[in-house]
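The values are calculated or read from the model by the stated rules, or taken from the named source; none is laboratory data. Values in this document were obtained by computation on a predicted structure and should not be read as measured data. Note: ideal-geometry Cβ built from the backbone for every residue, glycine included; neighbour counts use all protein chains shown.
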Amino acid sequence: MLIVKKFGGTSVADKERIFNVAKRCIEDYKAGNSVVVVLSAMGKQTDVLLEMARDINPKASKRELDMLLTTGEQTSVALMAMAMNSLGVPAISLNSFQARMKTTSVYGNSKLRKIDTERIKTELENNKIVIVTGFQGVNAVGDYTTLGRGGSDTTAVALAAALHADACEIYTDVDGVYTADPRMVKTARKIDEITYEEMLDLASLGAGVLHNRSVELAKKYGVKLVVRSSLNYNEGTVVKEETKNMEKLMVSGVAVDRNVARIAVVGLKDEPGVAFKLFNHLARYDINVDVILQSIGRDGTKDISFTVALDDADEAVAIVERHREGSLKCQKVDVEKNIAKLSIVGAGMMSHPGVAAAMFECLYDEQVNIKMIATSEIRVTVIINDKDVERAINAVHDKFALGQGE
Ligand code: ASP
Ligand code: MG
């Protein structure tokens with residue numbers, strides 16, 4: 001078998017953890033498998049590097065930031081190869097230039113375009129464990145780029161797809177994907193199997209276990225993923241196209257994102273093209289908009305409110321302000337920062353009407369006020385006050401009996 005194994009920062013945080021990972025990979029290697037290992041930077045090294053950059057120059061260019069950040073992963077792969085070598089196993093580390101991982105041109109948030117697997121295959125044929133840097137690539141002008149925070153997962157899935165690997169295992173410091181964040185919900189339970197669609201929603205809604213682009217890629221190329229802990233041998237969560245309990249589980253998990261702000265643009269003209277102009281201004285500055293709500297028009301005006309990531313809130317307001325008297329012609333812009341996004345996700349929702357109502361009832365029982373609502377076929381999202389989050393997530397988790405297993 002060809003196995004791709006990805007280990008996150010906490011799994012390689014120090015010497016002891018590095019040897020722990022080395023041994024786990026060697027077990028697979030000695031059992032006769034070809035093993036490709038993808039690593040993140042050690043511990044919080046990426047944050048440390050970003051802090052150093054900020055200290056030197058808060059306005060450092062994205063190109064130089066990427067040049068700096070790629071050293072994090074380069075450190076961990078080299079040390080890992082040395083660890084394996086010291087255990088008598090042939091291993092080689094490759095960075096993204098050596099492994100020929102080509103990306104789009106943007107720095108800081110690049111996308112993988114193509115992986116030329118020749119070099120990796122040659123090293124595997126030479127009976128080596130191949131250890132590749134996650135999170136990075138090389139663009140058309142030959143510069144290093146990074147794939148966005150958490151991007152090593154995406155490197156692993158892309159490699160698994162390019163190499164037609166038999167398994168892609170994502171190792172982290174928790175046992176798998178949970179029905180809710182165990183730090184907030186005591187009864188949260190590990191999920192055994194989950195669909196790509198559900199995982200995609202959970203990942204982008206703040207569940208934090210997998211980089212959402214890695215799930216997109218896995219779905220696109222049909223790469224079955226296993227998310228599990230590097231600290232024990234528990235089974236983990238399998239992410240795949242269809243799960244056996246699809247019919248039974250209306251709701252698979254509850255996710256919370258506290259990093260959101262709501263912006264209300266009040267008194268816009270009620271005429272064609274207004275939403276386009278507003279969101280086009282924001283898109284030009286790369287501001288991602290999530291939940292959108294438009295009021296019914298009255299007296300020729302309407303309001304549009306939307307959520308953005310908390311870090312983007314001030315910039316979004318400034319953009320709208322700049323165009324307030326020009327192309328947008330609105331009365332005022334308000335921002336609210338103490339809010340959070342709570343979502344339930346479940347493939348079974350498609351065939352079970354009433355899931356949204358049950359969620360709203362439960363929030364009503366808790367006297368939690370809902371500010372905005374958005375739904376898709378497999379999820380219901382509400383925007384609530386941040387102070388209500390812990391109460392709300394526990395109540396919703398209980399309501400759908402998520403702590404009780406299948
Ligand atoms: N080291 C990078 C980060 O901290 C990439 C990753 O860990 O996946 O975001
Ligand atoms: Mg991660």
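Just one of the listed residues (Val226, Val239) is among the aliphatic types (A, V, I, L, M), touching a residue at least 60 places away in the same chain (Cβ under 8 Å), more than 16 Å from ligand 1 (Cβ to nearest atom) and in a strand (DSSP E or B), namely Val239. When the stretch 121-136 is filtered for residues that are more than 15 Å from ligand 1 (Cβ to nearest atom) and either of a type in the set (Asp, Glu) or in contact with an Asp or Glu (Cβ under 9 Å, 6 or more places away or on another chain) (or both), the ones remaining, listed by number, are Glu123, Glu125, Ile129, Val130. In the stretch 278-336, the qualifying residues are those that are among the small types (Gly, Ala, Ser) and within 21 Å of the chain's Cα centre (by Cα), and the one that is farthest from Gly267 (Cα to Cα) is Ala309.
Considering Asp181, Asp173, the condition of being more than 11 Å from ligand 2 (Cβ to nearest atom) and either surrounded by fewer than 21 Cβ atoms within 10 Å (Cβ to Cβ) or modelled with pLDDT of 95 or more (or both) is satisfied by Asp181 alone.
Can you confirm whether Ile92 is under 27 Å from the mean Cα position of the chain (by Cα), on the phi < 0 side of the Ramachandran plot and modelled with pLDDT of 95 or more?
Values: under 27 Å from the mean Cα position of the chain (by Cα): no; on the phi < 0 side of the Ramachandran plot: yes; modelled with pLDDT of 95 or more: yes.
Answer is no for this residue.
Could you list, in sequence order, all residues of the stretch 192-214 that are within 16 Å of ligand 1 (Cβ to nearest atom), surrounded by 21 or more Cβ atoms within 10 Å (Cβ to Cβ) and at pLDDT below 95? The answer is Ala203, Ala207, Val209, Leu210, His211, Arg213.
Residue by residue, here is whether (1) buried (at least 16 other Cβ atoms within 10 Å of the Cβ); (2) out of contact with any Asp or Glu (no Cβ under 6 Å at 6 or more places or on another chain); (3) over 22 Å from Ser229 (Cα atoms) holds:
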residue	(1), (2), (3)
Tyr29	yes, yes, no
Ser34	yes, yes, no
Glu51	no, yes, yes
Glu73	yes, yes, no
Arg100	yes, no, yes
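Scan the stretch 137-170 residue by residue and report those that are more than 18 Å from Leu68 (Cα to Cα), part of a strand (DSSP E or B) and within 12 Å of ligand 1 (Cβ to nearest atom). Hit for the stretch 137-170 is Ile170, nothing else.
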